[in-house]
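The values are calculated or read from the model by the stated rules, or taken from the named source; none is laboratory data. Keep in mind the model is a prediction, meaning the values are calculated, not measured. In this analysis, Cβ positions are derived from the backbone assuming ideal geometry, glycine residues included, and neighbour counts consider all displayed protein chains.
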Number of protein chains: 2
Amino acid sequence: MRLTYHPYTLELRRTFTLATGSRTSTPAMLVEVEQDGIIGYGEASMPPYLGESQATAEAFLARVELSQADPFRWDKILDAVDHLAPGNHAAKAAVDIALHDWVGKKLGLPWHRIWGLDPEKAPVSSMTITIDTPDNIRARVKGAEGFPVLKIKLGSERDKEIVQTVREVTDVPLRVDVNQGWADREEALRMVEWLATQGVELVEQPMPKERLEDHAWLTTRSPLPIVADESVVRLSDIRKLRGAFHGINVKLMKCTGMREAYRMILLAHDLGMKVMLGCMTETSCAISAAAQLAPLVEWADLDGALLIANDPFRGATVHDGKITLPQDAGIGVERILDQ
Amino acid sequence: MRLTYHPYTLELRRTFTLATGSRTSTPAMLVEVEQDGIIGYGEASMPPYLGESQATAEAFLARVELSQADPFRWDKILDAVDHLAPGNHAAKAAVDIALHDWVGKKLGLPWHRIWGLDPEKAPVSSMTITIDTPDNIRARVKGAEGFPVLKIKLGSERDKEIVQTVREVTDVPLRVDVNQGWADREEALRMVEWLATQGVELVEQPMPKERLEDHAWLTTRSPLPIVADESVVRLSDIRKLRGAFHGINVKLMKCTGMREAYRMILLAHDLGMKVMLGCMTETSCAISAAAQLAPLVEWADLDGALLIANDPFRGATVHDGKITLPQDAGIGVERILDQ
């Protein structure tokens, strides 16, 4: 099995603003594995605040040795890749996705069918409205018309104003992502209680990730589901979150890929937690990989490929929130743009 | 998809004796699903003490409607089968195994390869020595020569005598299955401490299944791993066993089949517990289904097909404890005897 990779820069359709900063592009790495004339596609998307870069991904991928690998022992291969070095989660996810794509193509089935899932069970996806001026927020919400649910980023002094601005132009259900932006649990509870009166259906990561006791305090009192995002990275984080959150946000780029994401979803459900399937700004490669898992989850937030202008893949689509899983084998993508 | 089934009686090579009684045969039900010219084989093995019978299995299977089913939505199919009625775990497992066999054959791969597993990682299987007279125990142990580990059934007044009898003729590591036979936790601890001096490597289900606190008391003090058997039936039982046991025994006939067994193994590992993969007296059909999962577990006890005289299948083999997974697709069995 031959592994190749090259850097790719995702050009964002609009400036992406979080509580932590703004950017107009996202560095990525596109990965291919090839054997028997079959190519498996994978992708690492690396928003800078997560600590990976094209340089770290290249250095990591240079150490991945697949030339003698039996791709159908993918569990062992991915264990070995994971043990090569700590961190490098997006780079690991790129290998995981490419290997899954290859295996699914070799089997002639998309992964949701290998997993026995009903593609019709995929929940609708939200579309994210980033922090901006009131005029721009109104324009962005109008631009997302048709989406049955929106996600808005909060976590500043302007939270109520932002929600009210959104509510001037839409009455669809909202999900709120605070990105750790609230400092005080009493204020967080008052804010959640207010949000519950504004047609908000869940709140993500209200407080700093390590404050599990404060989240547990909030979760037991909250009228809305409280969902972990920054507090959960990998499978091994889930156990300690019981009681602290109602659910978790699983993202391929955080958790090293499809294998671990699948196991995280099963574990969260086994422990009585709900699951959101999320993403970074990503091409349709990583989005289509995540979409294979969508029939298993309660909430989807797979708008990542809609946010970029130079998507080199065609695969799963998200039209007006409806996720349509490709019927093609593997992760179901076709390369439509060369680098 | 067409479902057919017929009763089959497993003739035991030797009388099987537990703390709860003896028998010379085990009622079973052989199941087939057929579509596109591919037959998937499944089996329900129903030791009477578990409450199922050929009559209950027939009544249950008569209600399973697969004629319009898309077999690649097996997750949904198996949910529906599970919800048809409570209980009927072995009958449910028969459908699950047959469906997995069909899907694997359609894909052209054995399930251990679909799951990405390395067949060489399957641990050795123990062979069970049942309760008997000292002369017969010695004969049975000699009959199991070559097995690198034996399982002995304890839980009576004669426990030390039985261990000493076994030790007269072999020095291989032993696993002890008490089948809930010990009443007192202090005595259980003294017994486990003694067993640790006799080359015993683990103890299964020392006390009655509902006594989780007593098991937790024992587990924190025991020099040997304490493994749940009767205390764990299905996936939903595992959470409450944390701290009460070091590991769990997963059996397809208890847990409704391969789908749930796979998830139980993942969950137990995620919660820090080890896993034994066990069986009933079964044909090579159910044993081969279980063997697909063997690379995932720490301990295997898959001697079930060695205990019967009229095995209608050829599949996974267990020679001198070494489990050899078939390379054929699905669960990898071939029908060699008609009913």
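Selection over segment B:202-237 of residues that are part of a helix (DSSP H, G or I) and among the hydrophobic types (A, V, I, L, M, F, W, C) gives a count of 5. Of the residues screened, A:Gly155 is not one that is out of contact with any Gly (no Cβ under 6 Å at 6 or more places or on another chain) and either within 14 Å of chain B (Cβ to nearest Cβ) or part of a loop (DSSP other than H, G, I, E, B) (or both). In segment B:53-76, which residues are within 14 Å of another protein chain (Cβ to nearest Cβ), touching a residue at least 40 places away in the same chain (Cβ under 8 Å) and part of a helix (DSSP H, G or I)? Within segment B:53-76, B:Pro71, B:Trp74, B:Asp75 meet the criteria. Does A:Ala216 count as within 16 Å of the chain's Cα centre (by Cα) and more than 14 Å from chain B (Cβ to nearest Cβ)? Considered against the rule, which asks whether it is within 16 Å of the chain's Cα centre (by Cα) and more than 14 Å from chain B (Cβ to nearest Cβ), A:Ala216 comes out as no.
Scanning segment B:165-183 for residues that are in contact with a helix residue (DSSP H, G or I) (Cβ under 9 Å, 6 or more places away or on another chain) and either over 16 Å from B:Thr197 (Cα atoms) or exposed (fewer than 13 other Cβ atoms within 10 Å of the Cβ) (or both) yields a total of 5.
Residue check: A:Ala69 meets all listed conditions (1) assigned by TED's automatic domain parsing to the domain that holds A:Val31; (2) small (Gly, Ala, Ser); (3) modelled with pLDDT of 95 or more but one, namely (3). Whenever a residue of segment B:77-98 is touching a residue at least 24 places away in the same chain (Cβ under 8 Å) and within 14 Å of another protein chain (Cβ to nearest Cβ), its partners that are among the acidic types (Asp, Glu) and part of a helix (DSSP H, G or I), lying with C-beta atoms within less than 7 angstrom and at least six residues away or across chains, give the pairs B:Leu78/B:Asp96. Reported count of residues in segment B:318-338, each being over 22 Å from B:Val103 (Cα atoms) and either of a type in the set (Val, Ile, Thr) or touching a His at 6+ places or on another chain (Cβ under 6 Å) (or both), is 2. Residues in segment B:242-258 that are within 13 Å of chain A (Cβ to nearest Cβ) and among the charged types (D, E, K, R): B:Arg242 only. Only one entry of A:Glu58, A:Glu32, A:Glu65, A:Glu43 meets the criterion of being surrounded by 17 or more Cβ atoms within 10 Å (Cβ to Cβ), of a type in the set (D, E, K, R) and farther than 30 Å from A:Asp177 by Cβ, and that entry is A:Glu32.
With respect to the conditions (1) assigned to a helix (DSSP H, G or I); (2) hydrophobic (A, V, I, L, M, F, W, C); (3) surrounded by 22 or more Cβ atoms within 10 Å (Cβ to Cβ); (4) more than 14 Å from chain A (Cβ to nearest Cβ), B:Ala261 lacks only one, and its number is (4). Scanning segment A:134-151 for any residue that is within 14 Å of another protein chain (Cβ to nearest Cβ) and part of a helix (DSSP H, G or I) turns up nothing. Counting only residues that are more than 10 Å from every other protein chain (Cβ to nearest Cβ) and under 21 Å from the mean Cα position of the chain (by Cα), which one in segment A:105-126 is farthest from B:Gly330 (Cα to Cα)? Here the residue is A:Ser126.
Selection over segment B:192-211 of residues that are within 25 Å of the chain's Cα centre (by Cα) and either over 20 Å from B:Gly272 (Cα atoms) or surrounded by fewer than 18 Cβ atoms within 10 Å (Cβ to Cβ) (or both) gives a count of 12. Scanning segment A:283-339 for residues being of a type in the set (Asp, Glu) and out of contact with any Pro (no Cβ under 8 Å at 6 or more places or on another chain) gives a total of 4. Being more than 13 Å from every other protein chain (Cβ to nearest Cβ) and under 30 Å from B:Thr9 (Cβ atoms) is not true of B:Leu189. Only one entry of B:Ala98, B:Ala93 meets the criterion of being buried (at least 24 other Cβ atoms within 10 Å of the Cβ) and touching a Cys at 6+ places or on another chain (Cβ under 8 Å), and that entry is B:Ala93.
Within segment B:266-279, being within 18 Å of B:Ser126 (Cβ to Cβ) and surrounded by fewer than 23 Cβ atoms within 10 Å (Cβ to Cβ) holds for one residue alone: B:Lys274. Within segment B:1-52, being part of a strand (DSSP E or B), modelled with pLDDT of 95 or more and of a type in the set (D, E, K, R) holds for B:Arg2, B:Glu11, B:Glu32, B:Glu34, B:Glu43.
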